[in-house]
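Structure first, then comments.
Taken together, the values in this text are just the output of simple stated rules run on the coordinates, not laboratory data. Quantities reported herein were computed from a predicted structural model and do not represent experimental measurements. FYI the Cβ positions are ideal-geometry reconstructions off the backbone, even for glycines, and counts take in every protein chain you see.
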Amino acid sequence: MTIDEIIGYIAAFDGVLTLRPGPGDGSPELAWGDTFFYYAPDGRIPARTQPFATIVTKDYPGDERSRLNRPGTFRLNIGVGAEVFRARTGRAPRDANSIDYDPSVADTLIAHPVYGTAGWLAVVDPGPRTAPTIRELIRTAHDRARAERTRR
């Protein structure tokens, strides 16, 4: 799956606000080229809320293990919550750091290398093996974000 295919898939869900930071928009330079997805039916970034999914195209400080600085490499990150995280990994999010895996392997569902403990999963360079799973997890994350927004 390409970045544009993933963006198109997620942006088609109801109430999604897609942010693509770039020069001149006031965002930090480090975020330029990445994409952030919020459930925001009013079109405004919700206060005190994280995106429900992100696409990152480069290594961030403290998050270099996925080796995203390789040409053409990106990682899709999905906030699925504890229950789905446990179902997919066999571990509670609090144990994410004890899962032994290589976070740079392409087209493989993994605990997010930094935010796994918060119930996030990730895929570097999603492809045919993970595409159906990614679509399901994105729907789950979107539904969670919508439900959270409704509770407020």
- Message: Condition first: surrounded by 10 or more Cβ atoms within 10 Å (Cβ to Cβ), farther than 23 Å from Glu148 by Cβ, free of Cβ contacts under 8 Å to residues at least 12 places away in the same chain and acidic (Asp, Glu). Can you find one or more residues in the stretch 29-42 that meet it?
- Response: no
- Within the stretch 92-117, restricting to residues that are touching a Phe, Trp or Tyr at 6+ places or on another chain (Cβ under 9 Å) and surrounded by fewer than 18 Cβ atoms within 10 Å (Cβ to Cβ), the one that is nearest to Ala53 (Cα to Cα) is Thr108
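From the set of residues in the stretch 118-152 that are of a type in the set (Ser, Thr, Tyr) and under 16 Å from Glu5 (Cα atoms), which is surrounded by the most Cβ atoms within 10 Å (Cβ to Cβ)?
Residues of the stretch 118-152 of a type in the set (Ser, Thr, Tyr): 130, 133, 140, 150.
Applying the additional criterion that residues be under 16 Å from Glu5 (Cα atoms) yields 130, 133.
Details: Thr130: 20, Thr133: 15.
Looking at the filtered set, the residue picked out is Thr130.
Quick test for you: out of Leu137, Leu109, pick the one residue that is of a type outside the set (Gly, Ala, Ser), under 30 Å from Asp42 (Cβ atoms) and in contact with a helix residue (DSSP H, G or I) (Cβ under 9 Å, 6 or more places away or on another chain).
Leu137
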- Item | Pairs with Cβ under 7 Å, 6+ apart, first in the stretch 79-100 and in contact (Cβ under 8 Å) with a residue 12 or more places away in the chain and at positive phi, second exposed (fewer than 13 other Cβ atoms within 10 Å of the Cβ) and in a helix (DSSP H, G or I) | none
- Message: So, in the stretch 67-91, how many residues would count as being of a type in the set (Ser, Thr, Tyr) and either exposed (fewer than 15 other Cβ atoms within 10 Å of the Cβ) or assigned to a helix (DSSP H, G or I) (or both)?
- Response: 1
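Name the residue, out of Val56, Val16, that is surrounded by 15 or more Cβ atoms within 10 Å (Cβ to Cβ) and in contact with a helix residue (DSSP H, G or I) (Cβ under 7 Å, 6 or more places away or on another chain).
So the residue among Val56, Val16 that is surrounded by 15 or more Cβ atoms within 10 Å (Cβ to Cβ) and in contact with a helix residue (DSSP H, G or I) (Cβ under 7 Å, 6 or more places away or on another chain) is Val16.
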- Quick check: anything in the stretch 13-24 over 16 Å from Ile134 (Cα atoms), of a type in the set (Ser, Thr, Tyr) and in contact (Cβ under 8 Å) with a residue 60 or more places away in the chain? no
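Could you check the stretch 92-131 and list, in sequence order, the residues that are among the acidic types (Asp, Glu) and assigned to a loop (DSSP other than H, G, I, E, B)? Give the derivation first.
The initial filter retains those residues of the stretch 92-131 that are among the acidic types (Asp, Glu), namely 95, 100, 102, 107, 125.
Answer for the stretch 92-131, where residues must be among the acidic types (Asp, Glu) and assigned to a loop (DSSP other than H, G, I, E, B): Asp100, Asp102, Asp107, Asp125.
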- Query: In the stretch 71-89, is there at least one residue being in contact with a helix residue (DSSP H, G or I) (Cβ under 7 Å, 6 or more places away or on another chain), over 25 Å from Glu29 (Cα atoms) and basic (Lys, Arg)?
  - Reply: no
